[in-house]
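Notes follow the structure.
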Amino acid sequence: GGIIPFHYAILPHGTYDPIVANRFGLEQNRPLIVVSVNKNPIEKSLIAIDNPSIFISTLKPAEDGKATILRLRSISDKPETVKLSFPAGAPKSVKLSDPTEVIGTEINKSISLLPFGVITLRMEFDLN
């Protein structure tokens, strides 16, 4: 029992576009966090992707603290390919990982995802 609050957001639209709907949903549930700074803390993006049907669902430190975990998700009903670029500097390695962060094989900058698929990557950056 008890009171359960709900939050609704309505997006007026013409034909359904899963990319627009996904972005709207993320904007409603992951609001921007405002932080005061004296200068721009981000001069270049850490990661850029070239396919609007793929989005970054997770970017977090690895559990062992030695890498960054990147999770990509496809909102397409067909196989998709995405190329990663690193404007702020390329990592030493990018390896496949599973959701429990078991390290897999090294990959290049082009990644294939199944329809509505999710892939987890482990990126190790040179911090020197």
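The values are calculated or read from the model by the stated rules, or taken from the named source; none is laboratory data. Since we're looking at a predicted model, the values are computed, not measured. In this analysis, Cβ positions are derived from the backbone assuming ideal geometry, glycine residues included, and neighbour counts consider all displayed protein chains. Ligands, DNA and RNA are stripped out before the accessible areas are found, and what is left, the full protein with its side chains, is counted by its heavy atoms. Shrake-Rupley method; radii C 1.70, N 1.55, O 1.52, S 1.80 Å.
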Can you tell me which residue within the stretch 1-45, out of those that are farther than 29 Å from D77 by Cβ and modelled with pLDDT of 85 or more, is most open to solvent (accessible area, probe 1.4 Å)? I3
Yes or no: L26 of a type outside the set (D, E, K, R) and not in a helix (DSSP H, G or I)? no
Residues in the stretch 108-128 that are exposed (fewer than 15 other Cβ atoms within 10 Å of the Cβ), aliphatic (A, V, I, L, M) and within 17 Å of the chain's Cα centre (by Cα): how many? 2
All but one of (1) at pLDDT 95 or above; (2) open to solvent by 80 Å² or more (accessible area, probe 1.4 Å); (3) of a type outside the set (V, I, T) hold for P61, so report the exception by its number. (1)
What are the residue pairs meeting all of these: first residue in the stretch 85-101, first residue farther than 19 Å from K44 by Cα, second residue among the basic types (K, R), Cβ atoms under 7 Å, and 6 or more apart or on different chains? K95/R122; S97/R122; E101/R122
For the stretch 74-93, the count of residues that are under 26 Å from R23 (Cα atoms), at pLDDT 90 or above and either open to solvent by less than 90 Å² (accessible area, probe 1.4 Å) or assigned to a loop (DSSP other than H, G, I, E, B) (or both) equals 13
Scan the stretch 94-128 residue by residue and report those that are of a type in the set (A, V, I, L, M) and in a loop (DSSP other than H, G, I, E, B). V102, I107, L114, L127
From S45, S36, residue being small (G, A, S) and farther than 23 Å from I111 by Cβ: S36
